[in-house]
1. Given a 1.4 angstrom probe, I'd like the percentage of the accessible area of the stretch 383-457 that is carbon and sulfur, rounded to a whole number.
2. Sorted by average packing, counted as other Cβ atoms within 10 angstrom per residue and highest first, what order do 235-246, 101-112, 215-226 take?
3. Test of understanding: what is the full-extension gain from R46 to K274, defined as 0.36 nm times their sequence separation minus their Cα-Cα distance?
4. At 0.36 nm per residue, minus the direct Cα-Cα distance, what do R221 and A330 gain on full extension? Give it in nm, one decimal, please.
5. Going down the list K89/K310; K3/K417; K148/K246; K153/K424; K123/K417; K42/K424, which pairs span over 25 Å between their C-alpha atoms?
6. Of the peptides 319-326, 262-269, how do they stack up when ordered by the mean number of other Cβ atoms within 10 Å, highest first?
7. Which residues' amide hydrogens lie under 5 Å from the amide hydrogen of M192, considering only partners 5 or more residues apart or on another chain, with H built in the peptide plane?
8. Spin-label point model (7 Å from Cα, Cβ direction): what's the Q198 to R19 distance in nm?
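The values are calculated or read from the model by the stated rules, or taken from the named source; none is laboratory data. Nothing here was measured: the structure is a model prediction, and the numbers come from that model. Ideal geometry is used to build each Cβ from the backbone, glycine not excepted, and the neighbour counts take in all protein chains shown. The accessibility values were calculated without ligands, DNA or RNA, using every heavy atom of the protein model including side chains. Shrake-Rupley method; radii C 1.70, N 1.55, O 1.52, S 1.80 Å.
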Amino acid sequence: MSKEKVMNAIEASKERFFRLAAEIWNRPEISYHEQESAGLQKAALREFGFRVVELDRIQNHAFIAEYGSGSPVIGLLGEFDALPGLSQKVSTAQEPVVAGGPGHGCGHNLLGTACIAAATGIKSALETDRLKGTVRYYGCPAEEQVGKPVLAKAGVFSGLDAGLCWHPADINTVAAYGTNASVELGFRFKGMASHAAQVPHLGRSALDALTLMSVGVEFLREHMPQSARVHYVVTSGGERPNIVPKGAEGHFQVRSPRMREVLPLVRRVIDVAKGAALMTGTQVEWEVLRGCYDVVPNSVISDVLYDNLKGVPLPVFDAADRDLAAGLAAYSNEDQKRATLAMFGIDPASAATIINSPLHESVGYWGVGWTIPASTDVGDVSHLAPTAQINTATWPVGVGSHTWQATAASGSGIGMKGMLYAAKVLAGAAYDLMTRPDLVQRARAEFVAATADETYAPAEELIK
Ligand SMILES: [Zn+2]
């Protein structure tokens, strides 16, 4: 069986995949609430003859679906959660389906479905060819809330020879970049309430402590490496101004290109919190809320993905797709489009060409040596197995993730065609990895070298 037959198998079932992606798009569920989305995926996978193993005992709505046996084991990393407040119709005007409701503004309705489609293509090769190995789809809940480390800690990704992943975007490219590692902590200050006018000297303000902590973190910012990021929000700060606040809480998030760079910064933020407590006569407690590792790119698998990005025919968009794209792209000016593209590590000359049309209809290999400032829990998987990713154009040029425009495109023909393209590229890469043991060995060797100086442990275990 040739790779072409893998592609034909995906093509033959494309209407089923479009329906699955549309059903998930129509029922957007935010992180940890993906009951129906996971159910729809599991039903489709059973229909295609996969062994589905539910992992709810580890994490609600998590599962794996497998076909074949033995090595190599190729994993396709799927997601399906939506985002709050991004409900949107397939329209060029901002029109929520449900006012204030969730929506697929990160395109995860497409993300998981393409990986399922790719897995079915490989399954057909395993059935009819002499192909040996295992294809495994990972149903990973709560990507937007960094869900994968829980599965990583439970060993769900162990034994993987290669992890393949993609993310909806506005361009077709190998996602050769790394991402920032990230740790988010919750700080809870406890003080003493008193009448703020009558006996303020008897009070100890937890809000003062939190305010001083944020001031301290602002001063710390100057002394962090330029590539690091720190963000915070106040989640509670007292009840009424005439009561000295006895409680105050804030969430602080630190990012840097490697986890080993995040950890010393986190320790300094904790010291700032302790200092703020000391200054105000309050107490502070803290906990790690979530964290994810940086993505370790793998050039061997990235090259395989690039060959397939070039080898699979690009989507053919129709007039309706182009009208929608033009309408959605019109919300960003040229500078905004350039800024969105620069995020992927694209050189200015390529960006200048890409912004000239509303849809990206060629292929790039961008992001080598680049770290995007955002984070993804795919990072944890990339510390456990050789992993690589692509982006495909499911949205018009300049449309960023986590926007209503991305929700609209993810429910449209543009999203569906970009998804099918991603599915075929991933399947083609998986086929290459399964038929060429040398690639798997080289990918493993690169992975071992890249991660030799770091032993994986989930973020909360690293910060004491
Ligand atoms: Zn996403």
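1. The C+S portion of the solvent-accessible surface of the stretch 383-457 is 55 percent.
2. The packing order, highest mean first, is 101-112, 235-246, 215-226.
3. Gain on extension, R46 to K274, equals 76.8 nm.
4. Extra length from R221 to A330 when fully extended: 35.7 nm.
5. K89/K310; K148/K246; K153/K424
6. Result, highest mean Cβ count within 10 Å first: 262-269, 319-326.
7. R204, S205, A206
8. Simple spin-label model gives 6.9 nm for this pair.
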